[in-house]
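Here is the structure we will look at.
The values are calculated or read from the model by the stated rules, or taken from the named source; none is laboratory data. Remember, predicted model here, so these are calculated numbers, not experimental data. Counting neighbours? That spans all protein chains shown, and the Cβs are built from the backbone with ideal geometry, glycine included. The area values use the complete protein model at the heavy-atom level, side chains included, leaving out ligands, DNA and RNA. Shrake-Rupley method; radii C 1.70, N 1.55, O 1.52, S 1.80 Å.
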Amino acid sequence: MHDDFRCGYVAVLGRPNVGKSTLMNHILGQKVSITSRKPQTTRHRVLGIYTDDDAQILFVDTPGIHKKEARSINRYMNRAATSSIVDVDIIIFVVDGTQWTEDDDLVLQRLESAKAKKILFVNKIDKIDDKENLLPHIQKISSQHQFDAVFPGSALKGDNLPKLVEQLKTWLPKGDLFFPEDYVTDRSQRFMAAELIREKLMRSLGDEIPYSSTVEIEQFKIDEKGTLRINGLILVERSGQKAIIIGKQGQRLKQIGRDARLDMEELFDAKVYLELWVKVKDGWADDERALKSLGYDDL
């Protein structure tokens, strides 16, 4: 490590479903935050650790900030995102192409008091048919807030991300590594296993059920052959939801388990034996005590 080595925290903020997790995963070169096409896939703050010869960037991926706080879990997600603004060196505000919503306004309000350097990342520019709309959109946002830099790009395709990383490195404070250089997250394997199961749930189900479900890991151990034995419990709020997740002759649950297991084997570099159950726990998403017991207390 040389004398000019830099290390610091970068919060990735934005409304739900603008590509915050995809942005971080692409820079890290592997999946640390789960993704799906559905808003509010990310529920927890997740730290992604990027290390090269010049710097260690600690990305804080946050739940999407949203106006409608219908239940306790929504309030939890907003608190988790907003508290991430404190004590970071840089904030990346991710917006979606040329679209702007009330939730974007809400994020912009939260940025006002932050003392960190701020970058506007205009995502999904590959999806914009008429590129002439891009500059007026950027100018309109920039007129509402003075950003230190603006990067149009694509989190999914990696467009402009190398330049973004280089910019981050110049602004980080000088300092030693916070984490060993082979770390990609501070989260436990148990947490990552639960998130991967939840990702497959989000991707395979309709709009309503993913928000009424969560995952708890009841067993996570390595047997004498080096196989990871994982028991996952999927909690839902109603018996009808349980039936939908299990599917006809258990086929949907088997597919969710199979997809999650393959991802776990790649992430943990080990053979995985995964068993899944589905259980009804009425009202878990609106019960502060239940949320804490399920790990929604990392503030």
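A residue that is at pLDDT below 90 and touching a Lys or Arg at 6+ places or on another chain (Cβ under 7 Å) cannot be found anywhere in the range 242-261. Taken together, Leu164, Leu120, Leu156, Leu134 contain a single residue that is outside any helix (DSSP H, G or I) and open to solvent by less than 60 Å² (accessible area, probe 1.4 Å), which is Leu120. How about the range 90-118: which of its residues are in contact with a helix residue (DSSP H, G or I) (Cβ under 7 Å, 6 or more places away or on another chain) and at pLDDT 85 or above? Result: Ile90, Ile91, Phe93, Val94, Val95, Leu108, Lys117, Lys118. Taking into account only those residues within the range 172-187 that are out of contact with any helix residue (DSSP H, G or I) (no Cβ under 7 Å at 6 or more places or on another chain), open to solvent by less than 50 Å² (accessible area, probe 1.4 Å) and part of a loop (DSSP other than H, G, I, E, B), which is modelled with the highest pLDDT? Among those that are out of contact with any helix residue (DSSP H, G or I) (no Cβ under 7 Å at 6 or more places or on another chain), open to solvent by less than 50 Å² (accessible area, probe 1.4 Å) and part of a loop (DSSP other than H, G, I, E, B), it is Leu172. What number of residues within the range 188-215 satisfy the criterion of being at pLDDT 85 or above and either of a type in the set (Asp, Glu) or assigned to a loop (DSSP other than H, G, I, E, B) (or both)? The qualifying residues number 3. For the range 217-235, the count of residues that are assigned to a helix (DSSP H, G or I) and surrounded by fewer than 19 Cβ atoms within 10 Å (Cβ to Cβ) is zero.
Filtered by the rule that a residue be polar (S, T, N, Q) and more than 24 Å from the chain's Cα centre (by Cα), the range 220-256 gives Thr227, Ser239, Gln241, Gln249, Gln251. Name the residues in the range 219-248 that are acidic (Asp, Glu) and farther than 15 Å from Lys281 by Cα, would you? Hits for the range 219-248 are Asp223, Glu224. Within the set Asn74, Asn17, Asn25, the sole residue that is modelled with pLDDT of 85 or more and open to solvent by 10 Å² or more (accessible area, probe 1.4 Å) turns out to be Asn25.
Within the range 148-163, the set of residues being of a type outside the set (Asp, Glu) and free of Cβ contacts under 8 Å to residues at least 60 places away in the same chain comprises Ala149, Val150, Phe151, Pro152, Gly153, Ser154, Lys157, Asn160, Pro162, Lys163.
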